[in-house]
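Peer 1: Attaching a single structure in structure tokens format; questions to follow.
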Amino acid sequence: MATTAGDDDYTEYLYKILVVGDIGTGKTSIIKRFVHNIFSMHYKSTIGVDFALKVINWDPKTEVRLQLWDIAGQERFGSMTRVYYKEAVGAMITFDVTRASTFEAVSKWKADIDSKVTIGPEEKPIPVVLLANKCDLGKEGFIKTANEMDKYCKDNGFIGWFETSAKENLNIEKAARFLVEHILKMDIRRNQPKGIVHPGEEPAPPAASEQPKTNSLLENLISLSNNNNSNTLNLNLLKIFKKNIDYNNI
């Protein structure tokens, strides 16, 4: 989604990015490092979904705001992923290079995303980047070469892959910017001077100044709430929204 700010030559983009992968592959650590530049060995496993917001000053006339949706590793086996994936325009799939089983699950995560979320009237797959995480720990459980990884990504529809380490802050921002670059290229209405647009879609009629910046975020949370009868989930979503409501001031 894109909005024009007060300056006609300045544009803000708001994109929803999924961060998925098996349990313990470092999704939360990657997000914390990317958004807050912090790392801890003691993050608790995500339950359901959590998110963070990152602002990137892409160029002097472009600001990109990313909603990073951290989806729990066990959620691929649940019924909520279609709701979690709604309106996403890009994704990162992570695996742990020290655990070969997490790489084996990558193709299942990719197939799950491809079957549940697309972009534009042509229903193109959203761009997905593969993160070979925890590379600082060695690769005893992972035997793929760089050439094999390149072929794997080409064969399975990934736009690329990166060796990453949240601990060492290796390639995380590089991977994110690579993904955003592809999203911007797919946003065919990127240069539309006014209004709000989704990648591959016609601009919405209301003026940008009439659109609250929290709409997309709030609508996602309401959608999650309406699709689940759990009071616990509803309360958690309200807490998440309250925790992040001040992102307009970032």
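The values are calculated or read from the model by the stated rules, or taken from the named source; none is laboratory data. Keep in mind that what you see is a predicted model, and the values were worked out from it rather than measured. A quick note on method: Cβ atoms are made from the backbone with ideal geometry, for glycine too, and the neighbour counts reach across all protein chains shown. Surface accessibility is based on the protein's heavy atoms, side chains included, excluding ligands, DNA and RNA. Shrake-Rupley method; radii C 1.70, N 1.55, O 1.52, S 1.80 Å.
Peer 1: Debye sum, Cα scatterers, region 11-191, no solvent: what log₁₀ I/I(0) at q = 0.08, 0.09, 0.17 1/Å?
Peer 2: -0.22, -0.29, -1.09
Peer 1: Over region 11-191, what percent of the accessible surface lies on carbon and sulfur atoms, probe 1.4 Å? Numbers along the way, then the final one.
Peer 2: On the way: 4130 of 8330 Å².
In region 11-191, the share of accessible area belonging to carbon and sulfur is 50 percent.
Peer 1: Follow-up. In square angstrom, what is the accessible area per residue of region 11-191 with a 1.4 angstrom probe? Walk me through the numbers before you get to the answer.
Peer 2: Details: 8330 Å² over 181 residues.
With the other protein chains kept in place, region 11-191 gives 46 Å² per residue.
Peer 1: If you put +1 on each Lys and Arg Cβ and -1 on each Asp and Glu Cβ, how big is the dipole of region 48-179 around its Cα centre, in Debye rounded to 20?
Peer 2: Numbers: 19 positive and 20 negative charges, 18 e Å.
Roughly 80 debye, rounded to the nearest 20.
Peer 1: Another question about this same structure. Could you pull out every residue, at least 5 positions away or on a different chain, whose amide H is within less than 5 Å of the one on Arg65? Hs are placed 1.01 Å off N in the peptide plane, and Pro or chain starts have none.
Peer 2: Tyr13, Leu14, Tyr15, Ile56
Peer 1: Exceeding 27 Å between C-alpha atoms, which entries from my cross-link table qualify? They are Lys154/Lys185; Lys54/Lys167; Lys44/Lys154; Lys61/Lys116; Lys86/Lys154. Present the calculation step by step, with values, prior to reporting the outcome.
Peer 2: Numbers: Lys154/Lys185 19 Å; Lys54/Lys167 19 Å; Lys44/Lys154 34 Å; Lys61/Lys116 33 Å; Lys86/Lys154 25 Å.
The pairs that break the limit, which is 27 Å between Cα atoms, are Lys44/Lys154; Lys61/Lys116.
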